[in-house]
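The values are calculated or read from the model by the stated rules, or taken from the named source; none is laboratory data. Quick caveat, the model's predicted, so the values are computed rather than measured. Glycine gets a Cβ as well: all are built from the backbone with ideal geometry, and neighbour counts include every protein chain shown. Side chains included, ligands, DNA and RNA excluded: accessible areas come from the protein's heavy atoms. Shrake-Rupley method; radii C 1.70, N 1.55, O 1.52, S 1.80 Å.
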Amino acid sequence: MSVTLLRVASSPSLEVSCSNGLLDSFGVVKLVDSSKFLSRDFVSIRAKKNDKKKTRRFCSLSTDIKYACVGQPGLESASNFPLLSNVLANPTAGEVTVSSEQKVYDVVLKQASLVKRKLSSTGELEVKPEIVLPGNLSLLSEAYDRCGEICAEYAKTFYLGTLLMTPERRRAIWAIYVWCRRTDELVDGPNASHITATAMDRWESRLDELFQGRPFDMLDAALSDTVNRFPVDIQPFKDMIEGMRMDLKKSRYKSFDELYLYCYYVAGTVGLMSVPVMGISTHSQATTESVYNAALALGIANQLTNILRDVGEDARRGRVYLPQDELTLAGLSDDDIFAGKVTDKWRNFMKSQIKRARTFFDEAEKGVTELNEQSRWPVWASLLLYRQILDEIEANDYNNFTKRAYVSKTKKLLSLPLAYARSMVPPSKKLSHV
């Protein structure tokens with residue numbers, strides 16, 4: 001199924017043979033113009049990072065568990081939810097397991113701390129100068145331009161919003177967008193049936209290399225420069241790859257806890273990648289953690305919306321991205337989904353799922369205003385667009401089996417000025433705790 005960002009449909013002019021072995025399992029993949037394969041040209045790039053690996057451990061039991069019970073009868077208040085939501089005992093193994101929300105929250109804390117340290121030392125995120133490439137001064141600029149072209153073609157609304165950002169920020173966002181698209185293509189593109197776990201391992205190794213300043217091609221080079229210039233951490237990128245691995249081996253989710261982790265991997269990570277680039281407003285009094293939590297909430301909301309929009313499409317591929325225990329409580333099963341019949345039970349179930357997604361959107365809205373002034377428009381545009389998809393599902397009488405909910409071009413255009421108006425609202429003077 002599609003993740004938050006729209007899939008890049010390859011064009012015939014972008015066909016290339018991957019000689020690094022990453023995609024040898026299916027030979028030719030359409031990703032990059034072979035005439036611009038720059039593995040050697042960019043080998044001199046070296047990100048200025050400390051090579052020493054530091055192990056950090058973050059632990060917090062303060063994760064808000066309210067999302068897990070949204071829309072479920074009898075679970076609308078935290079008092080009715082199991083007390084050990086974040087730390088759960090495993091009766092069979094005699095071990096203690098950590099909930100998905102806690103695992104993700106620990107990652108959020110780490111990402112927020114990286115930016116917080118940078119802000120505390122300079123008061124503002126410093127953008128390093130471009131990497132100097134002897135003999136190839138124009139190649140990096142060309143790499144960024146290509147990323148912009150891909151973003152413009154396949155995420156038009158978001159792309160228009162990025163044009164208000166500073167040149168450095170928008171180019172970095174384009175580079176992140178393209179890497180996410182290429183990663184998604186591995187398991188959701190035309191060659192997805194040929195992708196193996198080994199291929200994913202090779203893609204992760206390639207990620208490690210580009211973070212060390214050794215990109216394989218021109219699109220990798222753009223991201224390599226981005227992570228050198230902004231305080232972007234590798235963990236969200238690795239987590240996204242883990243989400244793709246889940247798609248290779250998992251087609252059912254027992255509970256929302258399992259689904260939440262998947263949504264974080266394939267979409268929540270995008271928010272964590274982007275905040276260091278978009279920046280936080282100097283006028284914001286919100287905590288760094290709250291801004292990251294809002295970015296995470298937007299990714300989760302977008303992915304839940306994707307799931308609800310694509311129920312029929314996923315079912316035809318033998319996949320059900322809905323919590324199995326909640327289906328059972330609603331008197332439904334996989335058979336009902338495969339039958340594709342809209343019933344009162346289905347409508348009530350969908351109402352609860354849409355309510356949960358909107359709750360995440362509500363949480364996300366609280367943090368968008370805290371972003372750097374020039375970075376808010378594309379985020380607002382994305383948020384408003386995805387929220388409208390939920391409205392369209394309702395307008396289709398909850399028939400997401402045979403009808404695909406989409407927002408018309410007219411509504412998309414009308415949402416742009418509204419997104420712009422909201423981007424002009426200054427940060428709240430009251431300390432925010434998202």
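For Cα pairs less than 8 Å apart in space and 6+ apart in sequence, what is the mean separation divided by the residue count of segment 176-240, i.e. the relative contact order in percent?
Normalised by residue count, the contact order of segment 176-240 is 24 percent.
Tell me, what are the semi-axes, in whole angstrom and largest first, of the equivalent ellipsoid of segment 260-299 as set by the roots of 5 times the Cα gyration tensor eigenvalues?
Semi-axes, largest first: 21, 10, 5 Å.
Per residue, how many Å² of accessible area does segment 236-371 show with a 1.4 Å probe?
32
Can you tell me the alpha carbon radius of gyration of segment 215-325 divided by the globular rule-of-thumb value 2.2 N^0.38 Å?
Normalised Rg, Cα atoms only: 1.23.
Quick check: pseudo-label points 7 Å beyond the Cα along Cα→Cβ at Asp391 and Val342, how many nm apart are they?
Calculated label separation equals 1.8 nm.
Going out from 0 in 5 Å bins, what whole percent of all Cα-Cα distances in segment 357-426 drops into each bin?
3, 17, 24, 21, 17, 10, 5, 3, 0
How would you order 409-422, 144-157, 245-258, 294-307 from highest to lowest mean count of nearby Cβ atoms within 10 Å?
Going from most to least packed, we get 294-307, 144-157, 245-258, 409-422.
Answer with one residue from Ile234, Met273, Ala199: the one whose Cα lies farthest towards the positive end of the charge dipole of segment 166-273, charges on Cβ with Lys, Arg +1 and Asp, Glu -1.
Met273
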